[in-house]
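Visitor: Below is the structure I would like to discuss, written out as structure tokens.
The values are calculated or read from the model by the stated rules, or taken from the named source; none is laboratory data. On a predicted model such as this, the values are computed, not experimentally measured, just so you know. Because the Cβ atoms are built from the backbone with ideal geometry, glycine has one as well, and the counts that use them run over all protein chains shown. Ligands, DNA and RNA are stripped out before the accessible areas are found, and what is left, the full protein with its side chains, is counted by its heavy atoms. Shrake-Rupley method; radii C 1.70, N 1.55, O 1.52, S 1.80 Å.
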Amino acid sequence: MQEQKPRDIIRNISFIYWAMLLGLVTFIVVTSLFVSNVGEVIISDPQTAFILKTVLILTLIVIAPISYLVPQRKINRIKKDQKLNVKLAAYHMASLIRFVLMNSAGILIALGFMLTANTNLIFLQAVVILFFLIYKPSPFKIASDMDLDEKERQQIMPE
């Protein structure tokens with residue numbers, strides 16, 4: 001297998017980020033259009049809708065810190081003496097975990113919105129999108145997260 005260049009790995013991380021973010025936004029828009037045209041799908045009972053909303057809030061409260069802590073722990077365990085490509089591959093995997101966790105939370109909330117038509121769930125979606133924006137990968141953020149030396153920083157910075 002051919003070894004990837006550091007900038008190619010950064011480009012792959014950014015591509016996955018944007019694909020997952022745009023996919024989530026598309027899913028949110030589709031569910032919003034569905035709700036505005038059809039209304040709630042299944043749950044019209046206020047008690048059941050309240051329980052579902054509470055479960056989704058608790059899910060987000062659990063997933064948000066996990067989406068930061070687990071990948072950050074993986075990033076902190078990357079050995080400083082490894083080659084840059086190996087470090088970036090490990091960072092890529094940690095980023096993928098982070099993006100998948102936040103994307104799954106967003107999809108669950110969108111499905112909850114579709115089931116209940118409760119517009120308060122849109123605020124939870126805003127929180128998920130905010131986390132996605134905070135987690136946006138950039139060469140500067142990656143260099144800072146992995147505490148790269150100056151030579152490695154120059155290899156990943158855009159020309």
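Visitor: Restricted to segment 1-30, and to residues that are farther than 14 Å from residue 98 by Cα and in contact with a His (Cβ under 7 Å, 6 or more places away or on another chain), which residue is modelled with the lowest pLDDT?
Guide: The extreme case among them is 9.
Visitor: Identify all residues within segment 130-140 that are part of a helix (DSSP H, G or I) and buried (at least 16 other Cβ atoms within 10 Å of the Cβ); write none if there are none. Please lay out each step first, then the result.
Guide: Step one: of segment 130-140, the residues part of a helix (DSSP H, G or I) are 130-134, 139-140.
Listed by number, the residues that qualify are 131, 132, 139.
Visitor: Here is a follow-up. Run down 126, 105, 143, 110 and say which single residue is assigned to a helix (DSSP H, G or I), farther than 22 Å from residue 32 by Cα and aliphatic (A, V, I, L, M). Show your work before the answer.
Guide: Numbers: 126 fails: farther than 22 Å from residue 32 by Cα; 105 fails: farther than 22 Å from residue 32 by Cα; 110 fails: farther than 22 Å from residue 32 by Cα.
The unique qualifying residue is 143.
Visitor: Residues to consider are 50, 99, 15; find the one that is under 30 Å from residue 155 (Cα atoms) and open to solvent by 80 Å² or more (accessible area, probe 1.4 Å).
Guide: On the way: 50 fails: under 30 Å from residue 155 (Cα atoms); 99 fails: open to solvent by 80 Å² or more (accessible area, probe 1.4 Å).
When all the criteria are applied, what remains is 15.
Visitor: Does residue 74 meet the test of being open to solvent by 60 Å² or more (accessible area, probe 1.4 Å), modelled with pLDDT of 90 or more and not in a helix (DSSP H, G or I)? Before you say what the answer is, go through the steps one by one.
Guide: Working: open to solvent by 60 Å² or more (accessible area, probe 1.4 Å): yes; modelled with pLDDT of 90 or more: yes; not in a helix (DSSP H, G or I): no.
For residue 74, the condition - open to solvent by 60 Å² or more (accessible area, probe 1.4 Å), modelled with pLDDT of 90 or more and not in a helix (DSSP H, G or I) - is not met.
Visitor: May I pose another question? From the residues in segment 19-47 that are surrounded by 13 or more Cβ atoms within 10 Å (Cβ to Cβ) and under 30 Å from residue 86 (Cα atoms), which one is farthest from the chain's Cα centre (by Cα)?
Guide: Step one: list which residues in segment 19-47 are surrounded by 13 or more Cβ atoms within 10 Å (Cβ to Cβ), which gives 20-21, 23-25, 27-28, 31-32, 34-35, 40-41, 43.
This time we only want the ones that are under 30 Å from residue 86 (Cα atoms), so: 20-21, 23-24.
Values: 20: 7, 21: 7, 23: 11, 24: 9 Å.
The qualifying residue farthest from the chain's Cα centre (by Cα) is 23.
Visitor: Kindly establish whether residue 107 is at pLDDT 90 or above and open to solvent by 40 Å² or more (accessible area, probe 1.4 Å). Give the steps one after another, and end with the answer.
Guide: On the way: at pLDDT 90 or above: yes; open to solvent by 40 Å² or more (accessible area, probe 1.4 Å): yes.
Considered against the rule, which asks whether it is at pLDDT 90 or above and open to solvent by 40 Å² or more (accessible area, probe 1.4 Å), residue 107 comes out as yes.
Visitor: Within segment 21-69, can you find the residues that are in a loop (DSSP other than H, G, I, E, B) and either closer than 10 Å to residue 114 by Cα or among the aromatic types (Phe, Trp, Tyr) (or both)? Break it down into steps so the answer makes sense when it comes.
Guide: Kept after step one, since they are in a loop (DSSP other than H, G, I, E, B), are these residues of segment 21-69: 39-45.
Hits for segment 21-69 are 39, 40, 41, 42, 43.
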